[in-house]
1. Hey, got a sec? Which trypsin sites (Lys or Arg not before Pro) in the range 47-88 land in a DSSP loop and have at most 13 other Cβ atoms within 10 Å?
2. Out of all DSSP beta bridges in the chain, what portion is antiparallel? Express it as a percent rounded to 5.
3. Too long at a 22 Å Cα-Cα cut-off: which of 41/250; 40/89; 189/299?
Amino acid sequence: MKSAQEVLPLKESGEHSYHRRSFYHDYHNPFIYHIILKKKKDCEDFGSITGNARIAYGNHGCAAIKESPLGRTIAKMILRLPYDYPILKLHQFCVMPDHLHLLLQVLFRSDNHMDYYIFHLKERIAKRYSDLTGRTIYADDIFEKGYCDKPLYDDRSLDGWYRYIRENPHRLAMRKQYPRFFQCKRNLKIGDHECQAYGNLFLLRNPDKTAVKISRKFSEEEKEKKRALWIESASRGTVIVSPFISPTEKAIRSEIESLDANIILITHEAFPERFKPAKHDFDLCSEGHLLNISLNMPKGTALTRDICLTMNSLASEISNNKAPLA
């Protein structure tokens, strides 16, 4: 079974990026990719949120994106991709106000790198919009340079990605319309665990998650290699899951937070009746970057080796999408 490959180390700037690329991946081979293209800051929005986030997806009045003229142009050109390039299969896409998602498959080995198809998609969008507006518009006027891609290896569910991309408007609407949604304590069952949760529950639905665990058996070289991979993954939008127990793991968490990345934090003690995290974690929850999951053990329970193993096991189950929610 194929698994995630190594990626380029994080740039010294430490900024969150939508342009991270897998280093050892062969972009000419048949593969499925989740691709994100980010809008240039001074470009008009691709659309706006309509509907109500409280209405379930697929029902009348649910949250959706009302595409702007530029957004409609983008959508039309995306739909043309398989006709312009029969080597490509478009599984799904979503135009958001400031970025767009593509679930794109290369059907057989191509002479062209993935860059070729993304470059020409941007150029065709710019040309089409220029024709519609009567103005000369270039791709760099619409999109940030580059793009972010996530090769969908066999350890990631295609159905999960379908759902994740489809529900993007709902998650954005919930954040804008009901900001207190991320400031509530909830009970939930994850696999065999009766848990409590506080923060952004949507992070559980993200199919791109990875667990952080530093073993005592790791050499310093192995620790550094894994740290670089986790930081790079976080910068590309991967949700990092861990109890962050050891000092090294805690340091990794600090680095991840500096990227405005997303974290699922596993703890063991039950939340008090009127639980509210300390300001640092409360702010991260409010911004949608943090989900705190507790094993719901009595307050004051000492942290033992067995409990640490249980927390790391739960983190692994969640990151591998093997812990069904009930």
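1. Qualifying residues, ordered by number: none.
2. On the way: 36 of 49 bridges.
Taking every DSSP beta bridge with both residues in the chain, the antiparallel ones total about 75 percent.
3. Details: 41/250 33 Å; 40/89 26 Å; 189/299 19 Å.
Over 22 Å apart, Cα to Cα: 41/250; 40/89.
Where a number appears in this text, it was derived from the coordinates with a stated rule and is not lab data. In this text the structure is predicted, and so the values were computed from the model without any measurement. In this analysis, Cβ positions are derived from the backbone assuming ideal geometry, glycine residues included, and neighbour counts consider all displayed protein chains.
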